[in-house]
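Taking it in order: structure first as structure tokens, then the write-up.
Bear in mind that the values in this text are calculations on the coordinates, not laboratory data. Everything numeric in this text was worked out from a predicted model, so none of it was measured. When we count neighbours, we look across all protein chains shown, and the Cβ atoms used for this are built from the backbone with ideal geometry, even at glycine.
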Amino acid sequence: MGAGKTTMVHSITEIAPLSTEERMTSAGSHVDRADLPDKTTTTVAMDFGRVHLSHDFVLYLFGAPGQARFFDILEDLAFGALGALVLCDPRHLADTYPILDLIEELGLTYVIAINQFDDAPRYTEARLREVMELGAGTPLVFCDARSRLSTRDALIALVQHLLTTLPEPAR
């Protein structure tokens with residue numbers, strides 16, 4: 001929650017994004033993080049966008065909520081997906097672990113993207129790999145979800161990883 005998934009989809013989509021943002025209320029304070037003072041909304045189903053990486057290569061983007069109570073939605077969105085770009089908030093890396101576990105259980109190829117918030121600590125790739133227990137074969141990129149170009153580069157890293165790891169028929 002709060003890693004920047006909605007911002008990322010909105011920064012790059014070529015169509016009007018579909019968002020299911022709802023206002024956060026005190027009713028959800030016991031299940032949602034309350035330490036994000038500027039965050040007033042949260043995704044309750046998904047964000048959707050589309051982007052052409054080339055003339056005939058289209059990515060459909062689904063931003064899934066990060067809270068465990070929405071993992072059923074993530075499982076549904078993963079059906080038929082070739083891979084996932086897991087956007088992480090370096091201020092709250094531990095929040096990423098349950099999602100990584102689910103992505104791995106679902107058998108999705110993935111790339112880790114560290115969203116570089118202005119006030120976030122800056123970790124080296126080696127330190128992040130150590131803390132997140134990432135193997136050398138799992139790509140890790142740094143990005144700014146607000147930037148169309150940075151988001152594009154993160155998505156390209158995912159596509160390149162998919163092209164080198166998936167068998168031909170899946171591509």
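For the reader, a short list of remarks on this structure follows.
- Gain upon complete extension [Arg127, Arg91; 0.36 nm per residue less C-alpha separation]: 11.6 nm
- Amide H within-cut-off set for Phe142, under 5 Å, with H built and near neighbours excluded: Ile114
- Each residue of the stretch 99-115 was assigned a 3J(HN,Hα) from its phi angle through the Karplus curve 6.51 cos²θ - 1.76 cosθ + 1.60 (θ = phi - 60°); the sequence is 5, 4, 4, 5, 4, 5, 4, 6, x, 7, 6, 9, 10, 8, 10, 8, 6 Hz, with glycine and proline shown as x.
- A simple spin-label model places pseudo-atoms 7 Å from Cα toward Cβ; at Ser54 and Thr138 they are separated by 2.9 nm.
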